Amino acid sequence: MDGSRPGEGWRHELQMAITDPLEALAELGWETPHPERLREVHRQFTVRIPRYYFDLIDRNDPTDPIALQCLPQLQEIIEDQGDIEDAVGDRARSPVPGIIHKYPNRVIFLVANSCTMYCRYCFRKPVPRGVSLDGLRDGLQQAFHYVDNHPEIEEVILSGGDPLVLETPHLEKTLRRLRHIPHVQVIRIHSRVPVTLPSRMDDTLVELLGELRPLRLVTHFNHPRELTPLARAGIERLIRRGISVHNQTVLLKGINDNTPTLTHLFRELYWWGVTPYYLHHCDRTPGTAPFRLSIQRGRALMAELRTTLSGPAIPQYVIDIPGGYGKVPINADHFTELGPGLWQIRTPTGLFVQYRDIESSA
Ligand SMILES: *Cc1c(COP(=O)(O)O)cnc(C)c1O
Ligand code: SF4
């Protein structure tokens, strides 16, 4: 008995996900030098990989970008000098359990404390262990009331964990409750499910989301190898039902930190009708050190994307610094002020030209 109902084949698929790191490595035929330490990584940062995603791994490549995102590494439990607890300042900005309120007009609403897959670089890394979602205990009542009582909140962003791990009836109840709040104009769902478990994007879900428009889905593709026909079919169903789909990518060392990979990724998402929205600089959450690269490197990549990608296919490169200030753009800087009104500009093709800025006297 797996408890799944007809049309909820994704539940079964999720129950069959790989949760034993040693089993995963054995199946790939990869060696496991320190099995007991790998189990310790798993104890601290749970392993969960849907079979669909696992099957995308190229077992002939020990540095495979799919494997690096889902298989645990020993470095995850080694403290790094760059680690920061509460790396993006969310804890400081949580007025009630389940809500993160950093910008006046929009809140993050945490509705789930698990994900279909546990990404090794996740900035909410403690979440899979259920540490930070106290709000779920009271059925999110405090969180709903908070939104009810704050008319300045125009947009509610469902996040977690991953909101789409909730069973459809539960998700529906949450979404409808939010839809009935008069000042909430838009609902947004942040989910990696279209990437890690495309079977979840079934007709029942897509129909529900379509009905609750205006609704936006922000998904999370990091690498062109995740752009499979199955993933595309799920995205197409959403778009056909009138749901705008955006994408955020995390810039990850050894996974997507080069121009051809990012170009391929954003260009194809753009072709699919998905808007590349953010490229996130990797946060300094403990356990994510193996994936971090420098801002300088990220900006150099952004400068190159300016020539390889069409304008609407270029995401904003952003960083969320500690302290809860919110995301700040760190796009490549093409302008340097040489003197009052005199600018040196780096053109998209890398030439340097000067430009005099003259303000109208009208
Ligand atoms: C990222 C984020 C949002 C959404 O910001 P957008 O720039 O609108 O995508 C809202 N609240 C918090 C706390 C966030 O971290
Ligand atoms: S799906 Fe998102 S929240 Fe969940 S582990 Fe991956 S990055 Fe973190």
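For the stretch 227-336, what's the relative contact order in percent, using C-alpha pairs closer than 8 Å and at least 6 residues apart?
Details: 143 pairs, mean separation 28.6, N = 110.
The value is 26 percent.
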Extended-chain gain in nm, criterion 0.36 nm per residue less alpha-carbon gap, T32 and D55: 6.4 nm
Under a plain spin-label model, where a point goes 7 Å from the Cα along Cα-to-Cβ, how far apart in nm are L212 and R39? 4.1 nm
Stretched fully, the stretch from W271 through D203 gains (0.36 nm per residue minus C-alpha distance, one decimal, in nm) 22.2 nm
How large is the helix-only mean residue ellipticity at 222 nm for the chain, computed as the sum of -39500 (n - 2.57) over DSSP H runs with n ≥ 4, divided by its residue count, in deg cm²/dmol to the nearest 500? -8500 deg cm²/dmol
Antiparallel DSSP bridges in the chain: what percent, to the nearest 5? 40 percent
Which length gain, in nm to one decimal place, applies between Q81 and Q185 when the Cα-Cα distance is subtracted from 0.36 nm times their residue separation? 33.2 nm
What's the local net charge at I77, with K and R +1, D and E -1, over the other residues with C-beta under 10 Å away? -1
If each part is reduced to its alpha-carbon centroid, the stretch 211-279 and the stretch 4-81 end up apart, in Å, by 23 Å
On each of the three principal axes the extent of the alpha-carbon atoms of the stretch 302-362, given in whole Å and largest first, is 38, 31, 23
Among Y277, S244, G323, whose Cα sits farthest toward the positive end of the charge dipole of the chain (+1 at Cβ of Lys/Arg, -1 at Cβ of Asp/Glu, about the Cα centre)? S244
Sort the following peptides by mean Cβ neighbour count (other Cβ atoms within 10 Å, averaged over residues), highest first: 351-360, 51-60. 51-60, 351-360
Mean separation of Cα pairs under 8 Å and 6+ residues apart, divided by the residue count of the chain: what relative contact order is that in percent? 16 percent
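Each reported figure results from applying straightforward, stated rules to the coordinates on display, with no laboratory input. Just so it is clear, the model here is predicted, and its values are computed rather than measured. With ideal geometry, Cβ positions are generated from the backbone for all residues, glycine too; neighbour counts draw on all protein chains shown.
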